[in-house]
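Engineer: Below are the structure tokens for one structure; questions will follow.
A short reminder: the numbers here are calculations on the coordinates, not readings from a lab. Owing to the predicted nature of the structure, the values given are computational and were not obtained by experimental measurement. Glycine also receives a Cβ, built like all others from the backbone with ideal geometry; neighbour counts cover every protein chain displayed.
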Amino acid sequence: MENYDKVSILMSVYIKEDPENFKTCLQSMVDQTLKADEIVLVKDGPLTNKLEAVIDEYAKKYENLFKVVSLSQNVGLGEALNIGIQQCSNQLIARMDTDDIAVADRIEKQVSYLALHPETAIVGSDIIEFETSIDNVIAYKIVPHTHDEIISFAKRRNPFNHMTVMYRKEAVLQVGNYLPLNGYEDYYLWVRMLKSGVRTHNLSEVLVYARAGHEMYYRRGGWKYLLDGVKAQKQIYEVGLMSKKDFAIRLVGQIVVNSSPNKLRGLFYKKFLRKK
């Protein structure tokens, strides 16, 4: 049985992270109204001296809070989180990306929901995307909220904002944990969990400010991203959650968006995949 007073926060940091953004993120997690029992921080390969300094500062300031897992080389998000989950001491795990900012009561609200709904294995939320400062809002990314809406949505698109989820460790491990699938590690996990029959939910409020901007849209283009995406969609389809029609529609969308010029891709994301 879960102890709802104990939560692990799981994060993975790699060499390209901005130290100041990383520091702001960590501060948002240690300032939560309901404190985490531990923060498991996976160093995905060697880091810069500045990033190491941030980790040292917080580990010393918040003694016994951080569990740092050092990997000798960069293995990618899926494998890093796979290792990190196994290092988490608690059944309730909150994911967080190292350049985003959590609202102060994020952990408290998600723990409260899971305590009231023990049948639920994943709870996430909507996000605000911002650039430079949280006062500079670019868009809202609204996800489906009820379990039935999440299942329907997941057949063609990722139904969760990864940096917002809190899940039960046992439910993740039962379907094989995170697996390497470049750019789609979380979506692949959600589909396998949904196919296994777990209950899910997204809170209809913003619990995380996610750093975004033009670079995020640009990264989602090019032949490599397209080929990785096609491979990933085939693997996700083979789980058996989506139909052949869902797969075909998803695949066509993937090809069109990834092969579009950067400016056009950015406009597509803002107009069709986000809300002002």
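Engineer: Put +1 on the Cβ of each Lys and Arg and -1 on the Cβ of each Asp and Glu in the chain; which of Ser112, Ile255, Asn21 then has its Cα farthest toward the positive end of the dipole?
Structural biologist: Towards the positive end, the residue furthest out is Ile255.
Engineer: Let me ask you something else. So what J values fall out for the stretch 117-128 if you push phi through Karplus, 6.51 cos²θ - 1.76 cosθ + 1.60 with θ = phi - 60°, rounded to Hz, Gly and Pro as x?
Structural biologist: Calculated HN-Hα couplings, in order: 10, x, 7, 8, 9, 9, 9, x, 6, 6, 9, 9 Hz.
Engineer: Using a 10 Å cut-off around each Cβ, can you sort Ile134, Ile93 from fewest to most neighbouring Cβ atoms? If you can, show how the numbers build up before the last one.
Structural biologist: Working: Ile134 14, Ile93 23.
The fewest-first ordering by Cβ neighbours comes to Ile134, Ile93.
Engineer: Here is a further query. Starting from the Kirkwood Rh over alpha-carbon pairs, what translational D in µm² s⁻¹ does the stretch 1-67 have by Stokes-Einstein at 25 °C and 0.890 mPa s?
Structural biologist: Answer, rounded: 195 µm²/s.
Engineer: Here's another thing I want to ask about it. In whole Hz, with x marking every Gly and Pro, tabulate ³J(HN,Hα) for the stretch 167-181 from phi via Karplus 6.51 cos²θ - 1.76 cosθ + 1.60, θ = phi - 60°.
Structural biologist: Along the stretch 167-181, the couplings run 9, 8, 3, 4, 5, 5, 5, 5, 9, x, 6, 4, 10, x, 6 Hz.
Engineer: Just from its helices, what would the mean residue ellipticity at 222 nm be for the chain, if runs of 4 or more DSSP H residues each count -39500 (n - 2.57) and the sum is divided by every residue, rounded to the nearest 500 deg cm²/dmol?
Structural biologist: That comes out to -12500 deg cm²/dmol.
Engineer: Which whole-percent values make up P(r) of the stretch 53-175 when all C-alpha to C-alpha distances are grouped in 5 Å steps starting at zero?
Structural biologist: Cα pair-distance distribution for the stretch 53-175, in percent: 2, 8, 15, 20, 21, 17, 11, 4, 1, 0.
Engineer: Then there is this: Using the Cβ atoms and a cut-off under 13 Å, what net charge is assigned to the surroundings of Asn74, where Lys and Arg are +1 and Asp and Glu are -1?
Structural biologist: Counting the neighbours of Asn74, the net charge comes to -1.
Engineer: Quick one: which residues, 5+ away or cross-chain, put their amide H under 5 Å from the amide H of Val165? H built at 1.01 Å from N.
Structural biologist: For Val165, whose amide H was placed from the backbone, the distant partners under 5 Å are Arg95.
Engineer: Now for a separate question. Two decimals is fine: what's Rg over Rh for the stretch 105-168, C-alpha atoms, Kirkwood radius as Rh?
Structural biologist: Reported Rg/Rh (Cα atoms, Kirkwood Rh): 1.01.
Engineer: Please compute the length gained on full extension between Asp135 and Lys61, using 0.36 nm multiplied by the number of residues separating them and subtracting their Cα-Cα distance.
Structural biologist: On the way: separation 74, 0.36 × 74 = 26.64 nm, distance 2.84 nm.
Result for the pair: 23.8 nm of gain on full extension.
Engineer: By DSSP, what percent of the beta bridges with both residues in the chain are antiparallel, rounded to the nearest 5?
Structural biologist: 35 percent
Engineer: Okay, moving on. Please compute, over every Cα-Cα pair in the chain, the percentage with a separation greater than 34 angstrom.
Structural biologist: 14 percent
Engineer: For His145, His117, which order do you get if you count the other beta carbons within 10 Å of each Cβ and list the fewest first?
Structural biologist: His117, His145
Engineer: Mind sorting Phe22, Phe153 by how few other Cβ atoms lie within 10 Å of their own Cβ, fewest first? Kindly include the intermediate steps, with their values, before the conclusion.
Structural biologist: Values: Phe22 21, Phe153 16.
Ordered from fewest to most neighbouring Cβ atoms within 10 Å, Phe22, Phe153 come out as Phe153, Phe22.
Engineer: Can I ask one more? Where the eigenvalues come from the Cα gyration tensor of the stretch 65-132, what are the semi-axes √(5λ) of the equivalent ellipsoid, largest first, in whole Å?
Structural biologist: Values: eigenvalues 112, 69, 25 Å².
Ellipsoid half-lengths, sorted descending, are 24, 19, 11 Å.
Engineer: Quick query: amide H of Ile9 versus all other amide H atoms, modeled in the peptide plane; which residues come in under 5 Å with a sequence gap of 5 or more or a different chain?
Structural biologist: Glu38, Ile39, Val40, Ala94
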